[in-house]
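Report on the structure given below.
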Amino acid sequence: MSMPTDYLHQLQSTDPAIYSALRGEEARQRDGIELIPAENYTYPEVLALLGSVFTNKYSEGYPGNRYYGGQDFTDTVENIARERACALFRGEHANVQALSGSAMNQAAYFALLEPGDTILAMDLSHGGHLTHGAPVSHMGKLFRFIRYKTHGERGEIDYDELRQLAREYEPKLVLCGYSSDPRDLDYGRFKAIANEVGALTMADISHIGGLVAGNVMNNPLDAGFDLITTTTHKSLRGPRGGLIVCKKELAKQVDKSVFPGLQGGPHMNQVAATATTLLLAQRPQFQDYSRRVLDNAQRLAVRLKDAGAKLVTGGTENHSLVVDTVASFGLTGKQAEQVLDRVGITTNKQVIPDDPLPPMTASGIRIGSPAATTRGMLGSDMDAVAGWIVKALRWHESSQKLEEIQAEVRCFCRRFPVPGLMEQG
Ligand SMILES: *Cc1c(COP(=O)(O)O)cnc(C)c1O
């Protein structure tokens, strides 16, 4: 059988510019330490399915009810993906067609709400996502978002304040979930508050979907939530995409909202890759992986704190942490990100709660363990990584020191093959 990598030789002569960019990206992924919490290395099987002939097929509609013929195999694939999503997240209905996380959330809002309805959601600078009503997102114009924040040193949600806001604004939807909050959430309390004001409940577990699937973090559906959304490409390790899992009663409106409400044809290569990802996430090995992701994040947090770094919320209960780089190293998030890029450690600048700096500068960086854990890095490796981060940020003015660290990082990375990548390109 032809694998996608075989076709790359053809690409070399067809489109040398793109071919060489691809080789460059492969080397970048192999020679550096990936610490962006939203990223991961997907499975070789997923890469193969994404590059498969399923990409040729139009499948508007749902299994057994499509607008085009020739759906024998796409129906099989989508049915299996839906069943596996329900089993993995203990839900009653799943939609696997959302093209990505943002589309998935838009479809979920329109399934549950009318334009102008009120949503109670987490403030962006406290860890919420753009699609949770940031003024720059179209969603912020279409719905009325009321924002709750985190409080105190530990950065926890003040559930009494949340209840007060719910009673004052009577939202139609209580939304929780985040992109950069290192804490787990008490979904039972969200649900109780929503019940009090007759609101629906939605949790966007995009970042932690894999950790919920791996049973190392709370599952909102266990607490009676109406609907969850998760991307498939972050901690879940799958192709880029979005999943919606919900109660049976919402099945029709969710499906109609994704198609024809928001999208046309689903990407069946992506749906097939999602199906395989969900199978792999059911295995005990994935639960072990999820546990190691948490352990590695903990270890990084402890080591960075030992070295005097200031962490937003003081620590982590998930795969990610936020370092206040202004307070810790006198560098903005943007500067810290650039320094770390020079040594082959990839992170991203991140606003901290009520950040005085704009998002493109920011006062911190966000660090996460899923990708490094996928490459097989363990606790003692995290000690080394934390050491390089601190050294680089402290000695950012010394080109020589940065070059030394970069050489060490590159050598270290050779010990950890990237899934799906040949040893040396
Ligand atoms: C990543 C993320 C999304 C959006 O995903 P995209 O695939 O980038 O569109 C939505 N919600 C949360 C909480 C996320 O972290």
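The values are calculated or read from the model by the stated rules, or taken from the named source; none is laboratory data. Owing to the predicted nature of the structure, the values given are computational and were not obtained by experimental measurement. Every residue, glycine as well, gets a Cβ built from its backbone with ideal geometry; the counts of neighbours run over all protein chains shown. When the accessible area is computed, the model is the full protein with side chains, heavy atoms only, and any ligands, DNA or RNA have been set aside. Shrake-Rupley method; radii C 1.70, N 1.55, O 1.52, S 1.80 Å.
Charging the Cβ of each Asp and Glu at -1 and of each Lys and Arg at +1, and nothing else, the dipole of the chain about its Cα centre rounds to 260 debye. Calculated accessible area for region 1-95 comes out at 56 Å² per residue, all protein chains present (probe 1.4 Å; ligands, DNA, RNA ignored). Each principal axis of the Cα cloud of region 48-280 was taken in turn, and the coordinate range along them, longest first, works out to 54, 35, 31 Å.
Spread over its residues, the convex hull of the C-alpha atoms of region 303-425 is 116 Å³ per residue. Placing one equal scatterer on every Cα of region 41-172 and applying the Debye formula, the log10 ratio I(q)/I(0) at q = 0.15, 0.18 Å⁻¹ is -0.94, -1.09.
Global size of region 351-423: 15.2, 44 Å for Rg and Dmax (C-alpha atoms, Rg to one decimal, Dmax whole).
Placing unit charges on each Cβ (+1 for Lys and Arg, -1 for Asp and Glu) gives the chain a dipole about its Cα centre, and among His9, Tyr159, Thr55 the Cα reaching farthest toward its positive end belongs to His9. Excluding ligands, DNA and RNA, the accessible surface per residue across region 290-407 is 39 Å² with a 1.4 Å probe. Each Lys or Arg adds one and each Asp or Glu takes one away; over the other residues whose Cβ falls under 14 Å from the Cβ of Asp383, this sums to 0. Per the Cα gyration tensor, the chain maps to an equivalent ellipsoid with semi-axes of 34, 30, 18 Å, ordered largest to smallest.
Bridges between two residues of the chain, per DSSP, are antiparallel at a rate of about 55%. Projecting the Cα positions of Tyr169, Phe110, Gln71 onto the charge dipole of region 48-280 (unit charges on Cβ atoms of Lys, Arg, Asp and Glu, taken about the Cα centre) puts Gln71 furthest along the positive direction. Ligands, DNA and RNA excluded, the heavy atoms of Leu294 present near 20 Å² of accessible surface to a 1.4 Å solvent probe. Of the residues Arg147, Arg291, Arg30, Arg167, ranked by 1.4 Å probe accessible area with the largest first, the sequence reads Arg167, Arg291, Arg147, Arg30.
The charge dipole of region 48-280, taken about its Cα centre with unit charges on the Cβ atoms of Lys, Arg (+1), Asp and Glu (-1) only, comes to about 440 debye.
In the chain, the DSSP-assigned H stretches of four residues or longer account for a calculated mean residue ellipticity at 222 nm of -13500 deg cm²/dmol, using -39500 (n - 2.57) per stretch and the full residue count as denominator. Annotation note: trypsin sites (Lys or Arg not before Pro) in region 206-255 located in DSSP loop regions with a Cβ neighbour count of at most 10 within 10 Å are absent.
Heavy-atom accessible surface of Lys172, to the nearest 10 Å², is about 80 Å², with a 1.4 Å probe and all protein chains retained. Beta bridges assigned by DSSP with both partners in region 170-278 are antiparallel in approximately 40 percent of cases.
For region 113-260, the carbon plus sulfur part of the accessible surface works out to 47%, probe radius 1.4 Å. Checking the table Lys172/Lys349; Lys305/Lys334; Lys172/Lys248 against a 25 Å threshold on Cα-Cα, which pairs fail? Among Lys172/Lys349; Lys305/Lys334; Lys172/Lys248, the Cα-Cα distance tops 25 Å for Lys172/Lys349. Once all protein chains are placed together, Glu83 keeps about 120 Å² accessible to a 1.4 angstrom probe. Ranked from largest to smallest solvent-accessible area, with a 1.4 Å probe on the protein heavy atoms, Asp295, Asp306, Asp181, Asp123 come out as Asp306, Asp295, Asp123, Asp181.
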